[in-house]
Each structure stands twice: as C-alpha cells, then as structure tokens.
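Quick notes on the structure that follows.
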Amino acid sequence: MTITLPELPYGKGDLAPHITEKTIDFHYGKHHKTYVTNLVKLIEGTELENEALENIIKKTVGDKAKAGIFNNAAQVWNHTFYWHSMKPNGGGSPTGQIAEKIKADFGSYEKFVEEFKNAGLTQFGSGWAWLVLKDNKLQVTKTANADTPLAHGLKPLLTADVWEHAYYLDYQNKRADYLDVFIKNLINWDFANSLL
C-alpha cells in the first residue's frame, strides 16, 4: 500500500471565511504533505513499507525506536480525519443518530459543546480534541502532539486540530474563537453519523 496525500473533501477555499484558503494552503499543502513525505521515507525498505496507515500506527505505538514513524503516520491519519470532520455550511446542532447519542450520553448538545471546547482549550501546547466512541458510549477526549485515539482502542468520530498551524493565520492566538467557529460553522455531523 502506498502512503499518499489524500485529496481534500472540498475545495481549498470552501471553508472560508471560517478557515481561509491561505490556512488550508499551509496546513494541508505544507504540514500534512510533509508528514506524508517523511513517513514514506521512514518506512521505505522496512517491513512497514506495504502496510496500511492504520496498521503502521498500531504496530509502532509505544515503540521508542519507531517514534518518528508513529508520529508521522499518526499525523497523516489525524489530519485526513480532521479534513473530513469539517464541511462547508457545517456546524450547529447535530441531526440523526449522533444527535440522539449526544443527548443520551452527554445529557444535551450544550454539554457536549462545553466538554469539546474545554478539551481543545485545556490541551497544553499542540494536540487534538476528539469525540470518540468507547464501549458504545460517546466521550470527549484530547491527545497531545501526534497521539491519536486509534492507538488506544477508541473509535474517533470527530476531531478539531488545536496545533497552532491549524488556526494561527486566521485567529492568531485566539484558540477559543477558532473552536467556537469550528463548532458553530464547520463540524461535519454527516461524517460522524457515517462512522456510528
């Protein structure tokens, strides 16, 4: 299996004005692309060369000798998942099965929003806020740097990237503003529903 930079699920300008084309150019075109390039170089000629991305993550998690491979593989996976967690004219209250599950597991959509935003705000430094499924129950979690729920037996449903490169060009150091916009205008609830 060849690791490649996947296509975006929308045009580079389609999330504007919430996330500008300039941010997508840097974030997708430089950061995400670099993780792909680095991973391909790191696994070339190894037993991981023909593995699927998820298998590479699972086979290298916790192995200090393969930390570079894990970090780049997880970042490729996390970023691809992040692009799908957003859509033009997204956000707001969920519909379908995910709406029922959020109400059942969090008590209300507002409680989910509070927990998700808090996860993003309290992630010190670089990382991710996640909505995941664990033992058939929704929960919000966060991971640092390249870590991913995939490496811990959790099923991711949505993520917000809180590395500064995800929002700095559009929001400077205002991570809270970025997360508000992500929740109100960008979340792709159809994607989350498709994974339930």
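What follows draws every value from the coordinates through simple rules; no lab data is involved. All values derive from a computational prediction rather than experimental measurement. Neighbour counts are summed over all protein chains in view; Cβ atoms, including those assigned to glycine, are modelled from backbone coordinates with ideal geometry.
Scanning region 82-98 for residues that are within 20 Å of the chain's Cα centre (by Cα) and either among the acidic types (Asp, Glu) or surrounded by fewer than 18 Cβ atoms within 10 Å (Cβ to Cβ) (or both) returns 88, 89, 92, 93.
Inside region 52-75, can you point out the residues that are among the aliphatic types (A, V, I, L, M) and within 19 Å of the chain's Cα centre (by Cα)?
Within region 52-75, 52, 53, 56, 57, 61, 69, 73, 74 meet the criteria.
Selection of region 109-124 for residues being among the hydrophobic types (A, V, I, L, M, F, W, C) and more than 16 Å from the chain's Cα centre (by Cα) yields 112, 113, 124.
Residues of region 5-20 that are free of Cβ contacts under 8 Å to residues at least 12 places away in the same chain and farther than 16 Å from residue 185 by Cα: 7, 11.
For (1) under 17 Å from residue 3 (Cβ atoms); (2) aromatic (Phe, Trp, Tyr); (3) free of Cβ contacts under 8 Å to residues at least 60 places away in the same chain; (4) out of contact with any helix residue (DSSP H, G or I) (no Cβ under 6 Å at 6 or more places or on another chain), each residue gets a yes or a no:
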position: 49; (1), (2), (3), (4): yes, no, yes, no
position: 58; (1), (2), (3), (4): yes, no, no, yes
position: 67; (1), (2), (3), (4): no, no, yes, yes
position: 75; (1), (2), (3), (4): yes, no, no, no
position: 78; (1), (2), (3), (4): yes, no, no, yes
position: 88; (1), (2), (3), (4): no, no, no, yes
position: 98; (1), (2), (3), (4): no, no, no, no
position: 111; (1), (2), (3), (4): no, no, yes, yes
